[in-house]
Each structure stands twice: as C-alpha cells, then as structure tokens.
1. Taking θ = phi - 60°, what integer Hz values does the Karplus form 6.51 cos²θ - 1.76 cosθ + 1.60 yield along the stretch 106-117, in sequence order, with x for Gly and Pro?
2. Tell me the label-point distance for the pair residue 84, residue 67, using the 7 Å Cα-to-Cβ offset, in nm and rounded to one decimal.
3. Pairs of Cα atoms under 8 Å, at least six residues apart: use those to get the relative contact order of the stretch 31-117, whole percent.
4. Please work out whether the stretch 24-110 counts as rounded, prolate or oblate from its C-alpha gyration tensor, where a ≥ b ≥ c are the square roots of the eigenvalues and a/c under 1.5 means rounded, while otherwise a/b larger than b/c means prolate and anything else oblate?
5. Kindly put 112, 78 in sequence by how many other C-beta atoms sit within 10 Å of each C-beta, fewest to most.
6. Name the residues whose placed amide hydrogens come within less than 5 Å of the amide hydrogen of residue 34, ignoring near sequence neighbours (fewer than 5 apart) on the same chain.
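Any read-out appearing in this document is the output of simple, stated calculations on the displayed coordinates, not a laboratory observation. The shown structure was predicted, so the numbers you read here are calculated from the model rather than taken from an experiment. A quick note on method: Cβ atoms are made from the backbone with ideal geometry, for glycine too, and the neighbour counts reach across all protein chains shown.
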Amino acid sequence: MQGFRILVLVLLIISTGAAYAYTIQTADKGAEQIELFGGKSGPVPFPHRLHQEVLPDCAVCHELFPQEAGAIEKLKASGDLKKKQIMNKHCTKCHKKLKKEGQKTGPTTCKSCHIKK
C-alpha cells in the first residue's frame, strides 16, 4: 500500500510539473513582431508570432539562444555565436527546405530580409 501511495504521489508531481511547464511555454508568447539587429545591411523585421504559429516547438529556434530580448547580440558579442550563424545555417536553410518541398515559406535571400533605412 505504501508503494502505491508513493507511485500516486510521484505521478501527481510529474503531471503537475508537466502542466506547469506547458503553461510557461504557452502563457508568454513574446512579441508579435521583433526587429533584429542586421548590421550594415540594415535591421531584419521578424514575424515572431507567425513563426510560433507555424513551428511545432519553440526549441526549433531557441535551442540556439535563450528566449530573451537581445540574446542573439549578447551571444555574438561573447563569441558564442558567429556573425551569420543563425540566419545562414538556421533561418534560410529552413526556408529553402520548405520552398524546395513546394510549401509556403519566408524569404531565402539576405536582401529580402534586411531593410536599409
């Protein structure tokens, strides 16, 4: 009987933790639109909410950088990210793959993302 009580308690803790984790992931959607620093080529308007709706999991992008404003620039400044690492090896790679599959996708060239002011 004691073993059963412990099992029930463990399952309750796990399910409560899972529900809490789900709430954290879904409660704060972040900004609808974000402007990313784009260096000399100009800023990059980023439709954050659209990506949240299309991608199955935030970790698709956020495995590379934390979910906080300015995270990409901080990682570049510290040398933990290379200058074009995310855009070239992640964003455009994904967009080109979707385009090749005949699916609707975002831009696949640098100039179609960067906006000169």
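1. x, x, 10, 10, 4, 5, 7, 9, 6, 10, 6, 9
2. 3.0 nm
3. Here the relative contact order equals 32 percent.
4. In terms of gyration-tensor shape, oblate.
5. Starting with the residue having the fewest Cβ neighbours, the order is 78, 112.
6. Placed amide hydrogens put 46, 48 under 5 Å from residue 34.
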